[in-house]
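Chemist: Here's a structure for you.
The values are calculated or read from the model by the stated rules, or taken from the named source; none is laboratory data. Given the structure is predicted, the values throughout are model-derived calculations rather than measurements. In this analysis, Cβ positions are derived from the backbone assuming ideal geometry, glycine residues included, and neighbour counts consider all displayed protein chains.
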Amino acid sequence: MIVTAQDTAVVILSYNGKKWHELFLPLIVSEATSGYSVVVVDNASTDDTFAYIKAEFPSVALLQLPVNKGFAHGYAVALQQIQAKYYVLLSADFEVSLGWFAPLYKAMESNHNIAACQPKIKYWREREKFEYAGAAGGFKDNFGYMFCRGRILDEVEIDHNQYDDNIEIFWASGGCLFVRAELYHLVGGLDADFYAHMEEIDLCWRLKNAGYSIAYIGGSMVYHVGGSVISYGSPQKLFYNFRNSLILLLKNETLVRLLWLLPLRMCLDGLVGLHLLFQGKRIEFKTVIKAHVHFYRSFGKWVKHRAKAQKNIVQHPNKNGIYKGSIIWHYFVRKQKTFNQLNWRPKSI
């Protein structure tokens, strides 16, 4: 089945998400008059999500996947079946706000070098705070650690309108990701083998390597429940974060940097594992080890992924959004736990 959108397809991947659709889909659908179609992709749910949406939201297009192979796979398969100029990947546990769509669309239409962008993402349960997964835009430090404006490691800021600007970032949150469909497919789309976590960072990194920009648009705001599929702090999330961060580096870094960065990350991750063990967190310690073992056992597969990713790298990749220092050093040693304390300003758009 091929779904054709009017211009922009807001694509919501859903697994047993009826409770979120009851809360959030009415506003998403009513806001669709501003210029987008809504597509819900049912990822082999075991509840009555599909029947509920079909009955209650006749304007929503529906796709149904027979087997759930994870978040990344669900979108990777579904977006092959959707024709549009733009995709907006919107997780089911997101609440949009009035007028959320127009600033994002305007940014994409006015600057054709922007391959993807995200809005300001705040926490649904404590609405004055930024949300962990995306906040006010994602960045990468010199050692391959990812962080956000508004959230560095576990330190989440309160929104005082300090990040209401439009800037270039390194990666945009996959929870609400506005992306050009043509470029999404050009660089190979989401990597289904990530299963969940960091697949959007991998996509954004490939788009940056192809010379395009990723943007944060502060005039648009959404709210994220968070942890509704894989809970924050769970061993499963820890596994994918550690394993997928290694895959990210192998796929997208230069060979010269990989020669020293991968061994260093092995050592640094080992220190994190020991820290968890000394805290009595034996399950978490074993999870870090498991993530590394899985990565190296499948090393040949990841090398093949790298070969595909490297084909689209231009002579001068876009490196805006890379912090030249160490976010770990600033956080733990210098006790600088908010973005503005870094004394580093991203490029405005």
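Chemist: Taking region 123-146 only, how many residues are assigned to a loop (DSSP other than H, G, I, E, B) and either surrounded by fewer than 19 Cβ atoms within 10 Å (Cβ to Cβ) or among the hydroxyl-bearing types (S, T, Y) (or both)?
Modeler: 8
Chemist: Tell me, yes or no, whether region 92-110 has at least one residue that is within 26 Å of D193 (Cα to Cα) and more than 20 Å from the chain's Cα centre (by Cα).
Modeler: No, the conditions are met nowhere in region 92-110.
Chemist: Only one of L25, L13, L62 is among the hydrophobic types (A, V, I, L, M, F, W, C), over 20 Å from the mean Cα position of the chain (by Cα) and surrounded by 22 or more Cβ atoms within 10 Å (Cβ to Cβ); which?
Modeler: On inspection, the qualifying residue turns out to be L25.
Chemist: If you check every pair at least six apart or on different chains, which have Cβ atoms under 7 Å apart with a residue in region 1-19 that is over 16 Å from Y75 (Cβ atoms) first and a residue that is assigned to a loop (DSSP other than H, G, I, E, B) second?
Modeler: D7/G35; D7/A84; D7/K85; N16/S45; N16/T46; N16/D47; K18/D47; K18/D48
Chemist: Let me ask something else. Here is a check on your reading of the model: is I247 touching a strand residue (DSSP E or B) at 6+ places or on another chain (Cβ under 9 Å), buried (at least 17 other Cβ atoms within 10 Å of the Cβ) and modelled with pLDDT of 95 or more?
Modeler: Answer is no for this residue.
Chemist: I'm told A115 meets every condition in (1) within 30 Å of E182 (Cβ to Cβ); (2) surrounded by fewer than 18 Cβ atoms within 10 Å (Cβ to Cβ) except one. Can you identify the failing condition by its number?
Modeler: Result: A115 fails condition (2) only.
Chemist: Let me ask something additional. Residues to consider are N312, N340, N318; find the one that is of a type outside the set (A, V, I, L, M) and touching a strand residue (DSSP E or B) at 6+ places or on another chain (Cβ under 7 Å).
Modeler: The unique qualifying residue is N318.
Chemist: Would you mind finding the one in G270, G325 that is assigned to a helix (DSSP H, G or I) and not hydrophobic (A, V, I, L, M, F, W, C)?
Modeler: Of the residues listed, the single one that is assigned to a helix (DSSP H, G or I) and not hydrophobic (A, V, I, L, M, F, W, C) is G270.
Chemist: Something else: Give me a count of the residues in region 172-201 that are touching a strand residue (DSSP E or B) at 6+ places or on another chain (Cβ under 6 Å) and acidic (D, E).
Modeler: Result for region 172-201: 1.
Chemist: Being in contact with an Asp or Glu (Cβ under 6 Å, 6 or more places away or on another chain) and touching a residue at least 60 places away in the same chain (Cβ under 8 Å) is the filter; apply it to region 158-183 and report the residue that is farthest from A215 (Cα to Cα).
Modeler: Filtering first and then ranking leaves G174.
Chemist: Does N312 satisfy the criteria of being of a type outside the set (G, A, S) and touching a residue at least 60 places away in the same chain (Cβ under 8 Å)?
Modeler: Yes.
Chemist: Among the candidates Y223, Y240, which residue alone is at pLDDT 95 or above, of a type in the set (S, T, Y), buried (at least 18 other Cβ atoms within 10 Å of the Cβ) and under 21 Å from L13 (Cβ atoms)?
Modeler: Testing whether each residue is at pLDDT 95 or above, of a type in the set (S, T, Y), buried (at least 18 other Cβ atoms within 10 Å of the Cβ) and under 21 Å from L13 (Cβ atoms) leaves just Y223.
Chemist: Can D48 be described as touching a helix residue (DSSP H, G or I) at 6+ places or on another chain (Cβ under 7 Å), without any contact (Cβ under 8 Å) to a residue 60 or more places away in the chain, over 20 Å from Y105 (Cβ atoms) and surrounded by fewer than 18 Cβ atoms within 10 Å (Cβ to Cβ)?
Modeler: yes
Chemist: Which ones in region 112-122 are part of a strand (DSSP E or B) and not β-branched (V, I, T)?
Modeler: A115, A116, C117, Q118, P119, K120, K122
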